[in-house]
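The values are calculated or read from the model by the stated rules, or taken from the named source; none is laboratory data. Just so it is clear, the model here is predicted, and its values are computed rather than measured. So basically every Cβ, Gly included, is an ideal-geometry build from the backbone, and we count neighbours across all protein chains shown.
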Amino acid sequence: AQTLTVLGLESSCDDTAAAVVRQSGADRAEILSSIVFGQTELHSAYGGVVPELAARAHAEKLDQCVREALAAADLTLENLDAVAVTSGPGLIGGVMSGVMCAKGICAATGLPLVGINHLAGHALTPRLTDGIAFPYLMLLVSGGHCQYLLVRAPDDFVRLGGTIDDAPGEAFDKTARLLGLPQPGGPAVQAEALKGDPRRFRFPRPLLDRADCNLSFSGLKTALLRQRDQIVADKSGITRQDRADMCAGFQEAVADVLAEKTRRALRIYLAENPAEPTLAVAGGVAANTAIRTALEAVAGESGTGFLAPPLALCTDNAAMIAYAGIERFRDGVRDGMDLAARPRWPL
Ligand code: KG4
Ligand code: ZN
């Protein structure tokens, strides 16, 4: 197989990113550069991503991001074989900015264009980082995603289940907000949980009575709110220990539910008789030590390997888009100037 050098663009949520990835033949792919401009500060006052602000920031930053990615890789547009861009799912203004930027580059240079599903980018990351073989099981857990994917090929994903309401990262962020902890909530709640007793407060384990791989996290938030209000009513204030105990109980509930549903997803996956069974995780929540440990233990029960790519490649980035572009390009995929930006695009 030929050497491919692909520029990737990502702008579907609150990160503007560009990256260059190269793969020579069957060798492991190499990230030549990966630039991410986050927008956390831009949205911090609003308690969530504001689509209009995000779209404008993407439009303003994309060109600079591309220039920096090329410069960091010590390349020019002439050295590229293709341009890959997230064409959905995501916030439509941001996705459109990225698609327009990619089309502009392709129109000016004649380079081929490849539209990539953002979720496919996450799901293919273990192949970029570790070159693992198909099929593998992927658990995507972040502030926006929560799903089990059986990954069979660059364009063959079976969704085994996912959240029916909030994503786990969202639940961590809301928990932090309810307890007066800083954002993003995940790391703050994890730090508190270390000092707490997970058995003091009772949290539900939603949907465990159902045999499927679906999850639910909104009930945890309700339980937390109720217990916090109870304490405030009883003692007219919540102590540091109360807060730590609630974080510990909440985190243990999330880890328990993810562990049990992962056990079920693994059963379905292992029925395919993979040669080298692997459970891979991606997304910001995969940074949580308690959750990671629980998932690793579940994988170990069946002798399944456990893989968590470096955090910078688990969260939104363009290297995963460039790499997915390489895989799709090798499969002969080329998009035209009519490539559409799709706000919704299930795998
Ligand atoms: O993948 P990501 O950076 O962005 C998307 O949501 O797409 O994930 C961010 C989410 C946030 O909700 C954050 O609170 C959560 O990941 N997170 C964590 C931890 N670190 C980040 N959740 C639990 N424990 C952590 N240590
Ligand atoms: Zn993402």
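Descriptive notes on the structure:
- Test set (1) over 24 Å from Met100 (Cα atoms); (2) more than 16 Å from ligand 1 (Cβ to nearest atom); (3) part of a loop (DSSP other than H, G, I, E, B); (4) not hydrophobic (A, V, I, L, M, F, W, C) - Arg342 fails condition number: (1)
- Check on Leu270, more than 15 Å from ligand 1 (Cβ to nearest atom), within 20 Å of the chain's Cα centre (by Cα) and either in contact (Cβ under 8 Å) with a residue 60 or more places away in the chain or in the same structural domain as Thr304 (by TED's automatic domain parsing) (or both): no
- At least 3 residues being over 22 Å from Ile132 (Cβ atoms) and within 17 Å of the chain's Cα centre (by Cα) is the threshold, and among the strands (runs of 3 or more DSSP E) wholly inside the stretch 1-55 those reaching it are 15-24, 30-38.
- Residue check: Leu77 meets all listed conditions (1) crowded, with 16+ Cβ neighbours inside 10 Å; (2) over 19 Å from Leu266 (Cβ atoms) but one, namely (1).
- Wholly within the stretch 104-207, strands (runs of 3 or more DSSP E) carrying at least 1 residues that are more than 16 Å from ligand 2 (Cβ to nearest atom) and under 15 Å from the mean Cα position of the chain (by Cα): 136-141
- A Cβ distance below 7 Å, combined with a sequence gap of six or more or placement on separate chains, defines the contacts here; from the stretch 160-171, residues that are outside the structural domain of Arg210 (by TED's automatic domain parsing) reach no residue that is within 13 Å of ligand 2 (Cβ to nearest atom) and among the hydroxyl-bearing types (Ser, Thr, Tyr).
- Residue check: Ile231 meets all listed conditions (1) crowded, with 16+ Cβ neighbours inside 10 Å; (2) modelled with pLDDT under 95; (3) within 28 Å of Asp14 (Cα to Cα) but one, namely (3).
- Given (1) closer than 16 Å to Val333 by Cβ; (2) of a type in the set (D, E, K, R); (3) without any contact (Cβ under 8 Å) to a residue 24 or more places away in the chain, index of the condition Arg67 fails: (1)
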